[in-house]
Amino acid sequence: MNTKPKVIIIGAGFTGCALAYDLTLRGCEVIVLERGDIANGTSGRTHGLLHSGGRYCVSDQEAASECIQENILLRKISKQCIEFNGGLFIAMDESDMAYSEHFASGAEKCGIPIERLSKEQIIKLEPNITPEVIFGYSIPDGSFDPLRLAMGFAASAVVHHAQFFTYHEVVGFVINGTAKLSAVEVINRHSGEKQVFECDLCINATGAWAGKVSEMAGITVPVLPTPGVMVSYGQRVTQRVINRLCKPDDGDIIIPQRRMSVIGTTSFEVENADYIPIEKEQVEKMNQRAAKLVPLLKNVPTRGVYMSARPLIGGSSSGRSLSRTFKCYDHKESDGFEGFVTITGGKATTCRVMAEKTADLVCKKLGVSAKCETQERVLADYHEYYPFN
Amino acid sequence: MHNTPQSNKWPLWFDPRHRKMGSWAFILNRITAIGLTVYLCMHLIVLSKLAMGPEAYDSFIALAKKPAVIIGEMFVIAGAIIHGLNGIRITITSFGFGVRYQKPIFIGLMVIAGAAIFLFGYKIFSEL
Amino acid sequence: MLIRTGPKNRENFWLWFTKIAAGFLIIFLLGIHLIVNHLIVPGGLLSYRQVLAYYQIPFIPIMEVFFLIIVFTHSFIGVRSIILDLNPSKRVLSIVDVALVSVAFIFIVYGTWLVIVVYQLGRL
Amino acid sequence: MSEPKWLVDFQILRQHPGDKPHFKIYPLEVDPEENVLDAIERIWAKKDRTLTFRHACHHSTCGVCGMRVNGVEKLTCITAIKSVTKNGGIVRVEPLRNFTVLSDLVVDMGPFFRHMGETRFNSVAPVGYASLPFEPDPTNSIPLERLVDCIECGLCISACPAATTNAEYSGPAALAAIQLMLTQNFSPDLMALADHDNGAWRCHSAFECSEVCPSNVDPAWRIMNLRRRVVAHRFKSLFKFPKQEKQHA
C-alpha cells in the first residue's frame, strides 16, 4: 500500500528541520533522527541575525543575493519568530568610508535595499550609538529566535506527518553489499535500547558533525568545525542590528534579541565540536570591540557567553574567507556509495533554500517529481511541533 | 513517569523547601482553610447541646474551659485570623492591586495577625 | 489554531467571586462573633443563660442564620476549589458536588432549626 | 587561565524508563564564573555520554535548559556556578517538577506547549506591549516589534504548587500569555480560556512563578491583571444586552 519513498534525515538543526518540511510536502515519508533535542548544536547557538546580505555584499555576492531573497521569504513564512528590527551599518573612520563605496555598489548589485543616513539621523534612531559615527546605511536586517525558527520548520513537517525522534543517536549504518546504505542503527538515549530504521535514502544533515557521521559509513566529508564565541548582554542597548561598515571582523555586530543584545563573533578551528571551552580573552576582546560601536555596553552586565561551531567546508585550508554557502554531496557521485547524501555548511537565514536545493537532488534520485512548495506556504505555529490531540 | 502532575502528590503543596514567602502564605491559607472547615462542622454539631437544655450545655462549657480545649480553641482563633487577613491580601491582589507589594502586604497582615492572636490569647488565658 | 474544546467549564468567575464576596462578609461578621464571644463577655465563653439572652437581641438570630449560610458558601466553594486542584474526573466531581451541596444544605437547615429553638427557649 | 578553579560535586538525578531515580555524583573542576549548563555539557562530553539534558541557545532566548539547581528552578545557561554553591560545595541538579521526565534531566514539554499554543500566544509583539506597564520604558514610542519576554521555559510551572496535582491547569506561563494577548486585542475565546476551572481560578497566589521567572515576565502580576480583566468583563457584560454577543455566533 505504502509506496512513499522513505527518507531518514540525521540531525534536527535548521537544515534537518527545513529539509524534513520540504520533503514531506513533496510526498516523502520522513524520519528525523537527532541525538539531542531540536537545535541543540550549532543551530540553537547562532546569534540570531536574519541576514540582509549586507555583511557579504562586498566579499561574496552570491551569498548576499541568497540572503536578501531568503530574508524577504522568511519574513513572510515565519513571521512568528522574527523581530523586524532593521539594521544599520555605521562608518566610524577613514577606512570605513573607503569601504562604504564598495558596500553601496555591492548592495545595489545584490538587490539589498539600503538608505544612506546622516550622523544626526542615526543618533536619533539609536541614541546609544557611539558619537564617533560619521554616517551609515539602514538595511533590512532582523533577528530571529533560533530555537523557534527550527521548531517552526519542524512543526510544519510534523503537521504533514514527518516523525521526529529526538534523543536517538546514530551509531552505525546497515550497508547492503558494499555500497548501498539500507538502514540506520540508532541508540534510543532515553531507554538505552538499540533500534534500526530502514530507509530508501539517508541524509546526513549534521553540520559541523557531518564528518563524524559520514565516517561511520566510511566516507570522508571535508567539514571543519569553526567555533566562534558570542556574548549576550542583559539589556537591549539598540533597537536595530548594528554593524560596523567594514570587512566582517570579530565583535563588529550587535544584535538585539528580546531584552538582550548579542555580540558576535570570533572564528577559530577545532577537531571535535562536542564541547568547546570558552576563552575569556576572546570574550574580553569582543566586549571591547562592541563597546566601540555602543559605549554603553561597557557598563551592561553579560548574561550568557557561548560557543557555536559553524560548519565550514573545505579541507585543511582555514578561516573566514572560505565561502559560506552550503555544499551538498551525493556520495553516489563522489564515492560510489548509494543511498547517502550529506548536506553541510550554510547559514540559518538560507536554511530554506538549502533544503529546497537538497530536496531537488534527493527527489531526482528517488524519482519524485513534485516541486518545492516551501516558498509560498506560511509555516505552522512552532508550538505544533508537539502535536495537538 | 517521575514528576508527572498527579492528584496523589498533594502533600507537595505543603512542602516549603527552597520556596519563598508566597508559598508560606499559600500553605498557611490552605491548612487553615481545611482546619476551619472541619472545625465549622464540629462546632455546629456540638452546639446541638444548646437544644438539650442548660445542664447539657453548661457541662459542655465547663469541659471547654479545660486548658487543653482552650489551646485548641486558640488554634481555631489563630487560624481564622490568619486565613481572614491573608484572604484580604489575596482579594486585593486578585483585583489587580498591589501585586508587586504582595510580600510587604503579607508581612504587614501577619504582624497584625500575630498581635490579634496575642490579644485574644492574653484575654482568654488571663480569665481562666 | 483551535482553542481546546475539552470538558465544560467547572469553575467560573461567578463562583469564584461568590467565594471572595462571602469571605469578605465573614471577616465582618466573624469579627463581631469573635469579639462578642471572647472579648466582651467576661470569662470568654457564654453560659447557657447568656446565649439565650444574646439571641433575644432582635437582629442576632437573623444575622446568625445569614452568617451560617455565607460561611458554608465560602468554605464549601473553597473545598471544591481544593478538590479541583486535584483535577478530579467528571464523575468524581459530580459526586463531590452532590455531597457538598447536600451536606451544606443539611447543616444550614439544622443550624437554622437550632437558632429557632434557642430563640424560642429564650422567650420562655 | 589565571583565576583559581573550584572543585564542585555535581549531583545529577539520573533515571531511565523503568529505573528508580538516583543521584549520580560527578566531581568536577570548574571556573566559578561559568554557568551550570556549561558544566553539565562538559560532564556529558568528557565524563558520561549517557547523560541526557536539554539545551539549545545557551544565552536565555530559547528557554530549553530549565532545571532545578539545589532545589530552585533555574535557567542553567545563565546561572553562574558561584551563585549556587561555593568552592568544595555541591550542585544538585534535578529535572523540572510537574513535567513528565523522559530520562535524566529531559522532560516532556508537549502538554505545556499545547497549553501555550492554545492561547495563540504571539511571540512577537510591539515593543510597548513587550514590557510590563510599571517598568520605565523609554522605547514605548518606537513603532517596532520585538520578541516578547516569555521564553516558554516552564520554570513557573515547576515552581507552581497548583500545577503539582493538576496536569490540565493552563499554568502561569499560558495565563500570562493570555493576558498579553488580551492587552493587544480582546477575544471572547481567550476570555473563556481564562475564566475557566483550569484557567485563572486555579491560581492560589503563591507567587512562586514570578520568583523563578528568568525573563521578566512576572507571570503572577499578569495572572492578577488577567483576573482584573475577567472581573471587569463579566460585570460589564451583566449590563449589556445579549444581542451583541449573538452576532458573533
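Simple spin-label estimate for A:Lys280 and A:Val196 gives 5.2 nm between the two label positions (7 Å along the Cα-to-Cβ direction from each Cα). Computed about its Cα centre, the charge dipole of the range D:6-107 is approximately 260 debye, with only Lys, Arg, Asp and Glu carrying charge at their Cβ.
Each Lys or Arg adds one and each Asp or Glu subtracts one; over the other residues with Cβ under 12 Å from the Cβ of A:Ile8, this totals -4.
Note on the range D:110-248: dipole from Cβ charges, positive end direction compared against D:Tyr129, D:Leu193, D:Val212; the farthest Cα belongs to D:Leu193. Here the peptides D:159-169, D:91-101 are ranked by packing, the mean other Cβ count within 10 Å, and the order with the highest first is D:159-169, D:91-101.
Between 0 and 90 degrees, the angle of helix A:94-110 with respect to the longest Cα principal axis of chain A falls at about 40 degrees. Ordering D:40-48, D:203-211 by mean Cβ neighbour count within 10 Å, with the highest value first, yields D:203-211, D:40-48. Judged by the mean number of other Cβ atoms found within 10 Å, the most tightly packed of the peptides C:94-100, A:292-298 leads the ranking A:292-298, C:94-100. With springs only between Cα atoms under 10 Å, which of A:Val158, A:Val241, A:Val133 fluctuates most in a Gaussian network model of chain A? Between A:Val158, A:Val241, A:Val133, it is A:Val133 that shows the largest mean-square fluctuation. When the listed pairs A:Lys79/B:Lys103; A:Lys4/A:Lys332; A:Lys247/D:Lys5; A:Lys212/A:Lys298 are checked against a 29 Å cut-off, the alpha-carbon distance exceeds it for A:Lys79/B:Lys103; A:Lys247/D:Lys5; A:Lys212/A:Lys298. For the range D:36-96 versus the range A:149-186, the spacing of their alpha-carbon centroids is 28 Å. Could you name the lysines in cross-link range of C:Lys8, using Cα to Cα under 19 Å and dropping any fewer than eight places away on the same chain? Straight-distance partners of C:Lys8: C:Lys90.
The mean number of partner chain beta-carbon atoms within 10 angstrom of a residue's beta-carbon across peptide D:156-167 is 6.
Applying a DSSP loop filter and a limit of 15 other Cβ atoms within 10 Å to the trypsin sites (Lys or Arg not before Pro) in the range A:356-389 leaves A:Lys371, A:Arg377. Taking amide H atoms as placed 1.01 Å from N in the peptide plane, the amide H of A:Asp141 lies under 5 Å from those of A:Gly86, A:Gly87, each 5 or more residues away in sequence or on another chain.
Inter-chain Cβ neighbour count for B:62-69, averaged per residue, equals 1 (cutoff 10 Å, partner chain atoms only). What is the angle, in °, between the Cα long axis of helix A:14-25 and the longest principal axis of the Cα atoms in chain A? Nearest 10 is fine, range 0 to 90. The angle comes out near 50 degrees.
Between the listed residues A:Asn71, C:Gly122, A:His190, the Cα displaced farthest toward the positive end of the dipole of the protein assembly as shown, a dipole computed from Cβ unit charges relative to the Cα centre, is found at C:Gly122. Computed about its Cα centre, the charge dipole of the range D:110-248 is approximately 680 debye, with only Lys, Arg, Asp and Glu carrying charge at their Cβ. In loop segments of the range A:130-225 as defined by DSSP, the GluC sites (Glu not before Pro) with at most 16 further C-beta atoms inside 10 Å of their C-beta are A:Glu132, A:Glu193. Shape class of the range D:110-248 from the Cα gyration tensor (axes a ≥ b ≥ c, square roots of the eigenvalues): oblate, since a/c reaches 1.5 or more and a/b does not exceed b/c.
Here's the list of aspartates and glutamates a cross-link from A:Lys6 could span, going by alpha-carbon distance under 16 Å and ignoring same-chain residues fewer than 8 apart: A:Asp22, A:Glu29, A:Glu185, A:Glu198, A:Asp200, A:Glu338, A:Asp360.
Near A:Gln195, once Lys and Arg are set to +1 and Asp and Glu to -1 for all other residues with Cβ below 12 Å from its Cβ, the sum equals -2.
Mean per-residue shielding of peptide D:207-217 is 4, counting Cβ atoms of other chains within 10 Å of each Cβ.
Tell me the net charge near A:Glu70. Cut-off is 11 Å between Cβ atoms, A:Glu70 excluded, with +1 for each Lys or Arg and -1 for each Asp or Glu. Charge balance in the 11 Å sphere: +2. Of all aspartates and glutamates in the structure, those lying under 13 Å Cα to Cα from A:Lys285, and not within fewer than 8 positions of it along the same chain, are A:Asp249, A:Asp250, A:Asp252. With the charge dipole of chain D set up from +1 on Lys and Arg Cβ and -1 on Asp and Glu Cβ about the Cα centre, the Cα lying farthest toward the positive end among the listed residues D:Ile223, D:Val91, D:Leu7 is that of D:Ile223.
Dipole check for chain A: with +1 at the C-beta of Lys and Arg, -1 at the C-beta of Asp and Glu, and the Cα centre as origin, the magnitude is about 620 Debye.
Readers should treat all values here as calculations from the given coordinates under stated rules, not as data from a laboratory. Please read all numbers here as calculations on a predicted model, not as lab measurements. Neighbour counts run over all protein chains shown; Cβ positions are idealised from the backbone, glycine included.
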